[in-house]
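Notes for the one structure printed next.
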Amino acid sequence: MSADPLSVTAAARTEQRPPAEALAVDRPRLDAFGVPEALRMLTIALVFGVALTRRVIVEAARSVPGMRGRAGRRTRREVLADGVVDAFERLGPMFVKLGQLIASSSGAFPRELSDACLRCLDDVPPFPAAAARRIVEEDLGRPIHEMFAEFDDVPLSAASVAQVHACVLADGREAVVKVQRPGIARRMIVDLRAALVLAKLLERRSEHARIANAVGVVDDLYEVTVAELNFLIEADNQSRVRANLGAFGDNTEVVVPEVYWELCGPRTIGMQRLRGVPLDQFDVVGAHADPELLIRRLVKVWLEGVIVHGLFHGDVHAGNLWLLQDGKLAMLDFGIVGTMSPPWRAMVRAMFYASAFDGDFTPVATALRELDLFAEQSTDNTAIGRQLAIVLGPILSGELARLDLKMITSALLDFGKRRGVAGPEQLILMGKQLGYFERYAVALAPGWQLGRDLYLLRNVFPDEVAAKAEERGIELPD
């Protein structure tokens, strides 16, 4: 293999970064429990009870003869799943985020529930503009009129944690400001504490809850939430990914908005304004001259984040990926990112090398062994590599229209469980994003083979890719 790309550094960063102490994560105890948490548990129980009962009653009424044909009836699991999501929406941002987590982890939850939770990806009601203005002024220490020539009180979008307002800077540049919901930090921590208690109770009483690892879901949500609530961390992640785009002098067709650090604080992020449509507007995106090239460019950038830079977008649902008016692709919202440590980057790198070049998965086994993930020491790496080739080879080389890309991660985790390998968080988060890419690829590039696409690996294995492209007589796109 060519020179190890793990040593490649990003292009020199010209954007200011906050001091290290500003990027600290506030970590209130998750296992604390008091009066607010007890009252919240009662509220949660009441809301769930009402939401589920209402759905069951409405469905029963629709099932009365003459009201609807038998073909239109829904299963009890579908009805209850809709009731759960009704409760999530009623209970507010923390539970909406839980729904988003379930929607993006469909393999870990019943299909009916993960499908119903897709509703949680929609916008939520905005909070008042006066509150948004107050938070911006408190965070940045200046009046709105001194910072902006224009500030639109009607938000462009509103999500569970924040909403986005359009504005014009004093120098005429168009920008947007992402503003955190007032009081959201305290509310989300109380909700998480209550949810942890409920998850423990559910695991004691329900096999489904144990299989879904309800306590682990709450723990994961806590880790995501405490980092996401400090917007300076998100701004720093966004700035770093933007700098990484230019590390090799290409990737010019994928953009990340520039962060305006003078407009950033713990609850506020100011950035360049972009205009476009979400990637799942397939009728619009599909009209592009080469929709397959769009998805290839996007996955190339994302994969370089995983393998080369060790920092990758961890929430690539369509609302965070846009086709811009100038035909470029944009990656937005870096509240959730994945960090891939060098040993794990080496493992993923070996996996793609085997798929694209020599079919030898022994280095993958070696990398897993070096991570101390094998409880069993007797089997040699070559034998394990042959088994990995049987499991992973057909998945990586298959067309995405016929094979679910999430199978890459699922297969590795299943293989690991049989051999005593722990399930790493990095690989799980990576797999969730591959699941999103699979949806886009099936619509935009149904015959595309990710594991055999030399273009994706041009900056990862430059010498091998150049030689293989010449051998095949192909020219890689810009």
### Query
Ranked from the most accessible area to the least, with a 1.4 Å probe and all protein chains present, what is the order of L444, L80?
L80, L444
### Query
Just the accessible area per residue of the range 73-168, please: how many Å² with a 1.4 Å probe?
45 Å²
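Treating the beta-carbon of each Lys and Arg as +1 and of each Asp and Glu as -1, no other charges, what is the dipole magnitude of the range 134-176 about its Cα centre, to the nearest 20 debye?
Working: 3 positive and 9 negative charges, 18 e Å.
Computed about the Cα centre, the dipole is about 80 debye.
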### Query
What does the charge dipole of the range 226-273 about its Cα centre add up to, to the nearest 20 debye, if the Cβ of each Lys and Arg holds +1 and the Cβ of each Asp and Glu holds -1?
100 debye
### Query
How about K468: which aspartates and glutamates have a C-alpha closer than 15 Å to its C-alpha, ignoring those fewer than 8 places off in the same chain?
D358, D453
### Message
If you roll a 1.4 angstrom probe over the protein chains with everything in place, what fraction of the accessible area of the range 319-369 belongs to carbon and sulfur, to the nearest %?
### Response
54 percent
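Viscosity 1.002 mPa s, temperature 20 °C: what is the translational diffusion coefficient of the range 215-293 from Stokes-Einstein with a Kirkwood Rh over Cα pairs, rounded to a whole number of µm²/s?
Details: Rh = 15.4 Å.
Rounded, D is 139 µm²/s.
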### Task
Please calculate the 1.4 Å probe accessible area of W448, with all protein chains present, and give it to the nearest 10 Å².
10 Å²
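Quick one: of K97/K300; K300/K432; K97/K432; K97/K328, which pairs are farther than 23 Å apart, Cα to Cα? Walk me through the numbers on the way to the answer.
Numbers: K97/K300 28 Å; K300/K432 17 Å; K97/K432 15 Å; K97/K328 29 Å.
Beyond 23 Å: K97/K300; K97/K328.
The values are calculated or read from the model by the stated rules, or taken from the named source; none is laboratory data. Just so it is clear, the structure is predicted and the values come from calculations on it, not from any experiment. Note that each Cβ is placed from the backbone with ideal geometry, even for glycine, and that neighbours are counted across all protein chains shown. The accessibility values were calculated without ligands, DNA or RNA, using every heavy atom of the protein model including side chains. Shrake-Rupley method; radii C 1.70, N 1.55, O 1.52, S 1.80 Å.
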